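The values are calculated or read from the model by the stated rules, or taken from the named source; none is laboratory data. Keep in mind that this is a model prediction, so the values were computed, not measured. Quick reminder, even Gly has a Cβ in these numbers, built from the backbone with ideal geometry, and neighbours come from all protein chains shown.
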Amino acid sequence: MTKEYDDIIHLPRHVSRKHPHMATTDRAAQFSPFAALTGHAAAINETARLTDEKVELDEYMKDALRNKLQIIANRLKEQPEIVITYFQPDEKKDGGAYVAAAGTVKKIDEYNRVIVMTDRTAIPIDDITGIEGQIFESM
């Protein structure tokens, strides 16, 4: 039984006189994985990431929040612990996420429409959807 390459199978391997022998590590690098679409997976993950839509509050809820802000403003020196839930817009796509910030209020800036917490978190007043705390339990 003869095979197609029997005549050359036992010949010595060719060694080039012009080109030096390639190191094993360099030869292995030729066969390393190649990412033709760099960043494609990140773009797909970003598109698949879910965001929430901002909910518009009715007038009743807006009045309730204004009342709570007034109570906080009147009792700032007491430094009451509160939790503010607000909408944080997403930087990369439409929508965002609802975030809860717990702590004490440092100041309420009516001109810039921002609440500044003692940890320097600035919360836009127009994005607030809820305020909770022990100071409101008597309401």
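Say we look at region 78-90 and pick out the residues that are on the phi < 0 side of the Ramachandran plot, surrounded by 12 or more Cβ atoms within 10 Å (Cβ to Cβ) and not aliphatic (A, V, I, L, M); which of these is nearest to the chain's Cα centre (by Cα)?
Checked region 78-90; the qualifying residue nearest to the chain's Cα centre (by Cα) is Asp90.
Of the numbered conditions (1) under 30 Å from Ile131 (Cβ atoms); (2) free of Cβ contacts under 8 Å to residues at least 12 places away in the same chain, Arg27 satisfies every one except a single condition; which is it?
(1)
Where in region 91-139 are there strands (runs of 3 or more DSSP E), lying wholly inside it, with at least 2 residues that are within 20 Å of the chain's Cα centre (by Cα), surrounded by fewer than 15 Cβ atoms within 10 Å (Cβ to Cβ) and charged (D, E, K, R)?
Because the criterion is at least 2 residues that are within 20 Å of the chain's Cα centre (by Cα), surrounded by fewer than 15 Cβ atoms within 10 Å (Cβ to Cβ) and charged (D, E, K, R), no strands (runs of 3 or more DSSP E) in region 91-139 meet it.
Can you report the number of residues in region 77-90 which are more than 30 Å from Ala48 (Cβ to Cβ) and either part of a loop (DSSP other than H, G, I, E, B) or aromatic (Phe, Trp, Tyr) (or both)?
2
What pairs come up if the first residue lies in region 47-68 and is under 13 Å from Asp127 (Cα atoms), the second is of a type in the set (Val, Ile, Thr) and surrounded by 10 or more Cβ atoms within 10 Å (Cβ to Cβ), and their beta carbons are under 7 Å apart, counting only those six or more places apart or on different chains?
Here the result reads Val55/Thr129; Leu57/Thr129; Leu65/Ile128; Leu65/Ile131, each pair linking region 47-68 to a residue that is of a type in the set (Val, Ile, Thr) and surrounded by 10 or more Cβ atoms within 10 Å (Cβ to Cβ).
Just to check your reading of the model, which residue among Lys54, Lys68 is within 26 Å of Met117 (Cα to Cα) and assigned to a loop (DSSP other than H, G, I, E, B)?
Lys54
Just wondering, is there one or more residues in region 31-40 that are surrounded by 12 or more Cβ atoms within 10 Å (Cβ to Cβ) and either part of a helix (DSSP H, G or I) or in contact with a Lys or Arg (Cβ under 7 Å, 6 or more places away or on another chain) (or both)?
No.
Would you point out which residue out of Thr104, Thr118, Thr85 is of a type in the set (Val, Ile, Thr) and either under 30 Å from Asn45 (Cβ atoms) or modelled with pLDDT under 90 (or both)?
Exactly one of Thr104, Thr118, Thr85 is of a type in the set (Val, Ile, Thr) and either under 30 Å from Asn45 (Cβ atoms) or modelled with pLDDT under 90 (or both), namely Thr85.
Can you tell me which residue among Tyr98, Tyr111, Tyr86 is without any contact (Cβ under 8 Å) to a residue 24 or more places away in the chain and out of contact with any His (no Cβ under 8 Å at 6 or more places or on another chain)?
Result of the check over Tyr98, Tyr111, Tyr86: Tyr111.
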